[in-house]
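A.B. asks: I have a structure here, written as structure tokens, and I will follow up with some questions on it.
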Amino acid sequence: MAELHPVVVHFTIVLLIVGVAFRLLSLVTRLAFAGPAAATLLIAAAISTIPSVQSGVAAHGPVERVPGSRPAVVEHEEWGERTRNVLLVIGALELLALALRKSPKARMLHVASALIGLVGAFAVYETGKHGGELVYNYAGGVGLRSGDPQDKTRLLVAGAYHQAMADREAGKTAEAAELIAMVTKRFPGDPEMQMFAAESLLRDGKNAQAAIDALAAVTPPEGNRILIGRKATLQADAYEAAGQKDQAIAVLEKAMTAFPNPRMQQRIDKLKGAAK
């Protein structure tokens with residue numbers, strides 16, 4: 001059930017927000033459809049909040065085992081339970097108003113539902129904010145939805161990339177190079193990862209010849225213009241850093257014959273101008 005959480009919870013959010021909007025509309029206008037629409041949406045939101053919370057609880061076990069994530073998991077779970085409780089109260093008020101629809105008390109119940117609905121909207125916001133922290137700050141839920149181990153592999157690559165870029169920006173090029181070398185060793189047959197490692201030799205290690213040698217061993221898939229262009233650009237960077245502008249021009253022109261590219265042509269023109 002954990003894999004359903006991102007889907008189910010968004011239904012609850014939309015049902016509540018639109019339901020509260022219709023309930024407020026029904027109180028300040030004479031639109032005949034606003035009241036029934038509000039009742040339907042808010043009762044549906046109250047019902048959907050139950051699987052939303054249950055699926056979230058099912059997802060929290062694996063997520064909170066990630067070191068350092070438990071406080072964020074607990075906070076998200078607590079706000080989710082608060083939201084569920086508020087929505088159940090709103091649903092009960094709407095059902096009671098339906099039962100007393102011919103009584104003057106029905107309007108009082110609708111007012112109460114609208115006011116508590118605003119509280120519920122705030123609770124939904126807080127729950128979503130803490131859920132977003134789990135996803136974006138702690139990478140919570142990776143691999144839960146698909147069950148594919150490749151998801152965790154992609155997380156490893158993404159984490160290494162972002163940390164290496166942060167290290168590079170902070171001037172910690174040795175740390176960036178070490179991290180990139182560590183992660184790229186796991187993908188010896190992946191041309192994109194090989195180019196990532198070669199770029200690190202150039203950017204972090206300041207070793208243009210090592211980058212040239214590493215790129216020479218990379219074979220992008222035939223017809224993949226993105227990787228072919230990427231390799232040519234990196235080779236040109238490495239050759240230019242090594243003072244071999246003619247070689248840089250040659251690799252770019254070779255790539256241009258297969259896949260013309262305006263930016264690559266600009267690079268060639270710039271190199272030719274500098275070589276004069």
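The numbers here are math on the coordinates, done by the rules we state, and not lab data. Being a predicted model, the structure only gives us computed values, none of them experimental. Here the Cβ positions follow ideal geometry from the backbone for every residue, glycine too, while neighbour counts run over all protein chains shown.
A.B. asks: For the chain, what's the radius of gyration and Dmax over Cα atoms, in angstrom?
C.D. replies: Reported Rg and Dmax, both Å: 28.5, 91.
A.B. asks: If you don't mind, another one. What pairs from Lys129/Lys152; Lys206/Lys245; Lys185/Lys231; Lys185/Lys270 go past 26 Å between their alpha carbons? Let's see the in-between values first.
C.D. replies: Values: Lys129/Lys152 24 Å; Lys206/Lys245 17 Å; Lys185/Lys231 19 Å; Lys185/Lys270 35 Å.
The pairs that break the limit, which is 26 Å between Cα atoms, are Lys185/Lys270.
A.B. asks: Can you find, among Gln163, Val7, Leu24, the residue farthest towards the positive end of the dipole of the chain? Put +1 on the C-beta of Lys and Arg, -1 on that of Asp and Glu.
C.D. replies: Farthest along the dipole direction, towards plus: Leu24.
A.B. asks: Under 14 Å from the Cβ of Leu27, count the other residues' Cβ atoms, weight Lys and Arg +1, Asp and Glu -1, and hand me the total. Please list the in-between numbers first.
C.D. replies: On the way: positive: Arg23, Arg30, Arg107; negative: Glu94.
It works out to a net charge of +2.
A.B. asks: Find how many whole Å separate the alpha carbon centroid of the range 228-276 from the alpha carbon centroid of the range 28-69.
C.D. replies: For the range 28-69 versus the range 228-276, the Cα centre distance is 55 Å.
A.B. asks: Select from Asn224, Asn137, Asn85 the residue whose mean-square fluctuation is largest in a Gaussian network model of the chain (Cα-Cα springs shorter than 10 Å).
C.D. replies: Asn224
A.B. asks: Using the alpha carbons of the range 149-275, what is the convex hull volume per residue in cubic angstrom, as a whole number? Mind showing how you got there, number by number?
C.D. replies: Details: hull volume 14.5 nm³, N = 127.
Output value, Cα hull per residue: 114 Å³.
A.B. asks: Continuing with this model, one more query. Just to check I understand the Karplus step: with θ = phi - 60° and J = 6.51 cos²θ - 1.76 cosθ + 1.60, what whole-Hz values come out for the range 247-253, glycine and proline as x?
C.D. replies: Result, rounded to whole Hz: 5, 4, 5, 4, 5, 5, 5.
A.B. asks: Loop only by DSSP, 12 or fewer other Cβ within 10 Å of the Cβ. Give me the trypsin sites (Lys or Arg not before Pro) in the range 12-68 that pass, ordered by residue number. If you can, show how the numbers build up before the last one.
C.D. replies: On the way: sites: Arg23, Arg30, Arg65; in loops: Arg30, Arg65.
Qualifying residues, ordered by number: Arg30, Arg65.
A.B. asks: What residue among Leu31, Leu118, Leu179 shows peak mean-square fluctuation when the chain is described by a Gaussian network model with Cα springs under 10 Å?
C.D. replies: Comparing Leu31, Leu118, Leu179 in the GNM, the peak value goes to Leu31.
A.B. asks: GluC sites (Glu not before Pro) within the range 221-276: which are DSSP loop residues with at most 14 other Cβ atoms inside 10 Å?
C.D. replies: Details: sites: Glu222, Glu240, Glu253; in loops: Glu222.
Passing sites in the range 221-276 are Glu222.
A.B. asks: If you don't mind, there's one more thing I want to ask. Could you give the C-alpha radius of gyration of the range 1-114 expressed as a fraction of 2.2 N^0.38 Å, taking N as the number of residues it contains? Present the calculation step by step, with values, prior to reporting the outcome.
C.D. replies: Numbers: Rg = 16.6 Å, N = 114, 2.2 N^0.38 = 13.3 Å.
Taking the Cα Rg and dividing by 2.2 N^0.38 Å, one obtains 1.25.
A.B. asks: Is the range 211-271 best put as rounded, prolate or oblate by its Cα gyration tensor, with a ≥ b ≥ c the root eigenvalues, rounded for a/c under 1.5, and otherwise prolate when a/b is larger than b/c, oblate when not?
C.D. replies: Because a/c hits 1.5 or more and a/b fails to exceed b/c, the range 211-271 counts as oblate.
A.B. asks: Calculated from DSSP H runs of 4 or more alone, at -39500 (n - 2.57) each and per residue, what is the 222 nm mean residue ellipticity of the chain, nearest 500? Could you put the intermediate results ahead of the total?
C.D. replies: Values: 11 runs with 217 residues, N = 276.
Calculated mean residue ellipticity at 222 nm is -27000 deg cm²/dmol.
A.B. asks: Counting other C-beta atoms within 10 Å, and keeping those with at most 10, which DSSP coil trypsin sites (Lys or Arg not before Pro) do you find in the range 174-219?
C.D. replies: Lys185
A.B. asks: Test of understanding: in a Gaussian network model of the chain with alpha carbons linked when under 10 Å, which of Ile50, Ile116, Ile226 would top the mean-square fluctuation ranking?
C.D. replies: Ile226
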